[in-house]
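Contents: one structure, followed by commentary.
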Amino acid sequence: MDEYYLLTFESTHAAISTEKLLKPAEVTIMPVPRFISASCGISVRIRPDKKEYAEEIFRENSRLTPDDYAYYHIIRGGAAGEPSCDRLEPIK
Amino acid sequence: MRIDAGGKQCPIPVIMAKKELEAGEQDVEIIVDGPTQVGNLERLGDALGRKATSEAFGDKFLVKFANGETIKGAQVAEADTYAVFFNTNAIGTNESELGGNLAKMAIFTLSESERVPSYVLFMNEGVKLPAGDEPQIVENLNTLIEKGTQVLVCGTCLNFYGIKDDLKVGTVSNMYDILGAMQEVSKVIKL
């Protein structure tokens, strides 16, 4: 089973700058999964154990507004087979 | 003779069948999972002058090769094998920050793929990817290696950039092995 949190973005610049900002939380980048649509193809993936830390950095330092990004909780490869994808409230 | 290659991924069924056909074996039949393997075996049959026909076999396929003499020394590409070649540390040259991120995502996507490359090859500035300080790239290349990919890194290039000791994943290699890998697979994708 594969569980993670995912940030998708309206702009590629926002994606790249967020990945840099959240580096201390050991985030990785990946193509936006096919079952989610976003303007920019780069998404930032957050491990469950780094979720709180990543959110804290984002909340205190990011200049993005809720219009600029979307936040998801994703579980893949569970018993049901289909990936589960919940859209979460914006971090700030 | 009948070979059971059910559950075997490309290019294993081709290798199994080729071995028997080249040994001059007659009445060769092989059970495979899907149409991809059937297509590969048909190409093998054509190349070796032992035409292949296929039929459904339960939920699998049975491929039968015609009897006769096997063409010796025929070049058979290991169908559907590929290598990925990085000769820069980014995809494209214009905007290195974007290109670096694209390269990172490409390696991630390859590592998640069900059909991993036979080789990932790094030359020139490309060697900075496995020798760089991106944990994501190192982790994803290790995943590829676990899945059977060989990661070859140009030693001359590591030496040129003075980063030989920084290599975190992959095998230090040379022009012979890297070009040999390119010649072996059926296609090379340059990113």
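The values are calculated or read from the model by the stated rules, or taken from the named source; none is laboratory data. What you see is a predicted model, and the numbers here were worked out from it, not measured in a lab. Please note: Cβ atoms are built from the backbone with ideal geometry, for glycine as well, and neighbour counts cover all protein chains shown.
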Give just the number: which of (1) at pLDDT 90 or above; (2) more than 13 Å from every other protein chain (Cβ to nearest Cβ) does B:E134 not satisfy?
-> (2)
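Quick grid of which residues meet (1) out of contact with any Leu (no Cβ under 9 Å at 6 or more places or on another chain); (2) touching a residue at least 60 places away in the same chain (Cβ under 8 Å):
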{"site": "A:T18", "(1), (2)": "no, no"}
{"site": "A:K23", "(1), (2)": "yes, no"}
{"site": "A:F35", "(1), (2)": "yes, no"}
{"site": "A:P66", "(1), (2)": "yes, no"}
{"site": "A:I74", "(1), (2)": "no, yes"}
{"site": "A:C85", "(1), (2)": "no, no"}
{"site": "A:K92", "(1), (2)": "no, no"}
Options A:R63, A:R45, A:R59: the member that is among the charged types (D, E, K, R) and in a strand (DSSP E or B) | A:R45
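Table: residues versus (1) within 14 Å of another protein chain (Cβ to nearest Cβ); (2) in contact with a strand residue (DSSP E or B) (Cβ under 8 Å, 6 or more places away or on another chain); (3) within 27 Å of B:V138 (Cβ to Cβ).
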site	(1), (2), (3)
A:S11	yes, no, no
A:S43	yes, yes, yes
A:K51	no, yes, yes
A:D67	no, no, no
Of all the residues that make up segment B:102-123, how many are of a type outside the set (S, T, Y), touching a strand residue (DSSP E or B) at 6+ places or on another chain (Cβ under 7 Å) and either surrounded by fewer than 20 Cβ atoms within 10 Å (Cβ to Cβ) or not in a helix (DSSP H, G or I) (or both)?
-> 5
Looking at (1) within 30 Å of B:N40 (Cα to Cα); (2) outside any strand (DSSP E or B), which is the only condition B:K187 fails?
-> (2)
For B:Y161, the lone unmet condition from (1) touching a strand residue (DSSP E or B) at 6+ places or on another chain (Cβ under 6 Å); (2) over 19 Å from B:I189 (Cβ atoms) is (1)
Residue in segment B:166-189 that is out of contact with any His (no Cβ under 7 Å at 6 or more places or on another chain), within 14 Å of chain A (Cβ to nearest Cβ) and over 25 Å from A:K20 (Cβ atoms) present | no
Assuming A:E26 fulfils every condition listed in (1) at pLDDT 95 or above; (2) within 14 Å of chain B (Cβ to nearest Cβ); (3) at negative phi apart from one, which condition is it?
-> (3)
